[in-house]
Amino acid sequence: QDDQYCLARDQYPYLYFGPKTAYERVYDHKDSPQNVPYCRPLTLWFMGRPGTRAPDQETIRKMQSLTGLKARILRNHEGHGGRLCPEDLAALSRWHLNVTEDKALWLTGQGQADLSFLARRLKRRLPELLNNTYPANRFKFRHTSSQRTQESAEAFASGLFDRNRNEVEISPPMHNDPVLQFDEMCPSWTANGARAMAEAELFEKGPEMEQTITRVSRRLGFNYNLSMDNIDLMWEMCRYDKAWKYVSLSPWCAAFTEDDLKVMEYRADLQYYYRYSYGDQLNVDLGCPPVKDMLDHFSRMEMATDEAYENIPPPVGVFYFTHDAVLHMMLAALGVERDAIPLMANNMDQQTKRLFRTSYIGSFAANLAAVFYHCDQGEKHRVMFYLRERIVDMEGCQVGLCSWSHLRTRLRKAQVCSLKFCNANAATAVAPSRTALLAALGVAVVAALASL
Ligand SMILES: O=C(O)[C@@H](COP(=O)(O)O)OP(=O)(O)O
């Protein structure tokens, strides 16, 4: 079966590529007005990752070597060694890299479209709040200091207000932004980088990846196994090409069967799970600044609904543009898409229905939106969460609608948000990873047995 696979003839190719998945693939395409009976929206809090962008400089440099690999694959097929179908082979021969190092990490045209169309859909879902009901100065935009978050914010604002991007006022980025870039200011967390990759590295040496490496190598006509780096590079190119131009297929995706793509996706999920999310309690604790910011914002709005309130009312829309690490940490602090069984190198088979899937929750332009409602019946204030524009089934909430008092109680730890652990000795402050614990346990058991 795998031998026969031809991407050009596949009507439904597998398009879940972890954190580089095209937003187009995963957002909720229904955009009719979101009515919550007896409730009206008072404010929206939004946090998003940049839309489709270029890779970093190092990846672009590595991608340049794909021209050589392409020539070798074509040669293999001339000698009848490879298994790519003629259509995929012809597409590969036409392929060339169309990104240059000077554009590293820049938002692409598709990235601008991701954000601008997202804003328009939000406006259709929440017309009372976003359909030009309020003046532009009742909205707040904030982004980190990178080109891709600034451009994302501008594209979003121009979509929201139907204006030319330079007509919308967006404040300059803050140095060391405590809500949008706190991760890099936490020494305990930055010191944890290499250790967080341990589980994904174990997976790279495991049976699933071994099969994928062999299968891909044979498909491409090599009678030896390509390196993990080469396999990774082809997957990078496949997913970037697809995200840049959603309507076309990348010939590099033809190197992989659906099973192979699922293996690559799981490896990415392991990386992000341990580096940014539930795989380490440190990430969960570190996610509190944006949660606190959101809760504080809703509390101010709650006070502003009081008739005696005399201050300037808080914004009706707060829109933040940051990076995937911060978004994942916030989702972890909220407890969104948490699996009962942790993702591990040796349990991919049990994780086919996992909640933590970066293709869904951390794609390009991934975003979380929370709407604060005033209701005339039942609990006076309520909150609804949306992830990639779909309602989030939060613990203790009903069909996604959470009572404000329940939410405050559940998130009270995040509201305090002490990050003292960041400056504790990095070597001792962080809970050891599962792998390190198991290794230590193994040593202890061996030592105990030896002493008998
Ligand atoms: O923080 C950043 O520089 C990148 C990291 O991306 P990866 O490590 O996932 O490639 O995230 P982005 O700005 O695209 O959300």
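The values are calculated or read from the model by the stated rules, or taken from the named source; none is laboratory data. Computed from a predicted model, the values in this text were never measured in an experiment. Don't worry about glycine lacking a Cβ; one is built from the backbone with ideal geometry, like all the others, and counts go over all protein chains shown. For the accessible areas, the whole protein counts, side chains as well, though only heavy atoms, and no ligand, DNA or RNA atoms are used. Shrake-Rupley method; radii C 1.70, N 1.55, O 1.52, S 1.80 Å.
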Report task. Mind telling me which of the residues 83, 75, 61 ends up being outside any helix (DSSP H, G or I), farther than 30 Å from residue 159 by Cα and open to solvent by 40 Å² or more (accessible area, probe 1.4 Å)? Result -> 83
Query raised in the report: Within the range 267-291, how many residues turn out to be among the hydroxyl-bearing types (Ser, Thr, Tyr) and surrounded by fewer than 24 Cβ atoms within 10 Å (Cβ to Cβ)?
Result: 1
Query - Candidate set from the range 69-126 (those that are of a type in the set (Val, Ile, Thr) and away from the ligand (no atom under 16 Å from the Cβ)); member that is farthest from the chain's Cα centre (by Cα) - result: 73
Requested in this report: Name the residue, out of 27, 16, that is within 16 Å of the ligand (Cβ to nearest atom), open to solvent by 10 Å² or more (accessible area, probe 1.4 Å) and in contact with a helix residue (DSSP H, G or I) (Cβ under 8 Å, 6 or more places away or on another chain).
Outcome: 16
Query raised in the report: In the list 157, 200, which residue meets the criterion of being closer than 22 Å to residue 297 by Cα, open to solvent by less than 10 Å² (accessible area, probe 1.4 Å), of a type outside the set (Phe, Trp, Tyr) and part of a helix (DSSP H, G or I)?
Result: 157
Query raised in the report: Only one of 343, 327 is within 28 Å of residue 52 (Cβ to Cβ) and more than 15 Å from the chain's Cα centre (by Cα); which?
Result: 343
Report task. Please go through the range 127-146 and pick out each residue that is surrounded by 16 or more Cβ atoms within 10 Å (Cβ to Cβ) and within 16 Å of the ligand (Cβ to nearest atom). Result -> 142, 143, 144, 146
Query raised in the report: Which members of the range 170-192 meet the condition of being of a type outside the set (A, V, I, L, M) and either in contact with an Asp or Glu (Cβ under 7 Å, 6 or more places away or on another chain) or open to solvent by less than 60 Å² (accessible area, probe 1.4 Å) (or both)?
Result: 173, 177, 181, 182, 183, 186, 187, 188, 189, 190, 192
Requested in this report: Could you tell me whether the range 279-299 includes any residue that is within 16 Å of the ligand (Cβ to nearest atom) and in contact with a Lys or Arg (Cβ under 9 Å, 6 or more places away or on another chain)?
Outcome: yes
Query raised in the report: Does residue 44 satisfy being away from the ligand (no atom under 15 Å from the Cβ) and either farther than 28 Å from residue 315 by Cβ or part of a loop (DSSP other than H, G, I, E, B) (or both)?
Result: no
Query raised in the report: Among the residues of the range 398-426, which ones are at pLDDT 90 or above, assigned to a loop (DSSP other than H, G, I, E, B) and open to solvent by 20 Å² or more (accessible area, probe 1.4 Å)?
Result: 417, 418, 419
Query raised in the report: How many residues are among the β-branched types (Val, Ile, Thr), away from the ligand (no atom under 16 Å from the Cβ) and part of a loop (DSSP other than H, G, I, E, B) when one looks only at the range 305-329?
Result: 3
Requested in this report: Search the range 133-157 for residues that are over 19 Å from residue 42 (Cα atoms) and pair each with any residue that is more than 16 Å from the ligand (Cβ to nearest atom) and not hydrophobic (A, V, I, L, M, F, W, C) when their beta-carbon atoms are under 6 Å apart and the residues are at least 6 apart or on different chains.
Outcome: 154/165; 155/116
**Report entry** Where residue 98 falls short, out of the listed (1) touching a Pro at 6+ places or on another chain (Cβ under 6 Å); (2) over 24 Å from residue 293 (Cα atoms)
**Finding:** (1)
